[in-house]
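Read the structure below first, then the notes.
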Amino acid sequence: MILEIVKYGHPVLRQKGAAIERVTPEIKKLIADMFETMRERHGVGLAAQQIGRALQLTVIDVREVGAERPSTLEIKGKPADVDDIMPLVLINPEIKPAGEPAAGGEGCLSFPEIFAEISRPGFVDVKALNEKFKPVEFRAGGLLARAIQHETDHLNGILFIDRMSKKTKEEIREELDALQKATKAELQKK
């Protein structure tokens, strides 16, 4: 089922997600719906906050843009094929940045039509649980590292605009203010 994606200005986007204690039938359905919603909107990642649920849950799939923006993966220190872990579910993820910061283009489904260069570490070490509630551990690079960091930020109430330079944020201030105002007006109607 395609879910509504909440936009900038909705308070749930600033909430830290609650840890998931077990994978229930509701969580399994939520994961399936999140993948369907993400694909429908042509995203590479979607956090639970973006569909109005403050949980430590994100879904990621970088395969569609793999050729344009490559990703790397290491499991137990050995190179692995990114496609082998896609689509990816991360429950209660813990990440540790690795590598030098690199600038790269980012957008966000909660900020339609807003894109900016964001500096993030080029690699990230990930520990999480998968959709079967089994531990997963790996090092990601490239677009996968960027997507994981972006989505994990969401799980902690941090938005990509918080990672923008002051100059970039000022350049898009009008768009941000208009989006926030429209979202708050929409919430008033509900």
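Here are some notes:
- Amide H contacts of Val6 (H built 1.01 Å from N, under 5 Å, at least 5 apart or other chain): Ile51, Gly52
- Using alpha carbons only, the radius of gyration of region 104-174 set against its Kirkwood radius gives Rg/Rh = 1.03.
- When only alpha carbons are used to place a centre, region 25-42 and region 154-190 end up 24 Å from one another.
- J(HN,Hα) series, region 41-47, from Karplus relation 6.51 cos²θ - 1.76 cosθ + 1.60, nearest Hz, glycine and proline x: 9, 6, x, 10, x, 8, 9
- Pairs beyond 21 Å (Cα-Cα), from Lys29/Lys127; Lys78/Lys127; Lys29/Lys190; Lys7/Lys181: Lys29/Lys127; Lys29/Lys190
- Entry note, the chain: relative contact order of 27 percent, from Cα contacts under 8 Å with a spacing of 6+ residues.
- Rg and Dmax, both from the Cα atoms of the chain and both in Å, are 16.1, 53.
- Reach of Lys167 by Cα under 18 Å, taken over aspartates and glutamates that are not fewer than 8 positions away in the same chain: Glu106, Glu117, Glu175, Asp177
- Rg/Rh, computed from the Cα trace of region 2-103 with Rh as the Kirkwood radius, has the value 0.98.
A short reminder: the numbers here are calculations on the coordinates, not readings from a lab. Everything numeric in this text was worked out from a predicted model, so none of it was measured.
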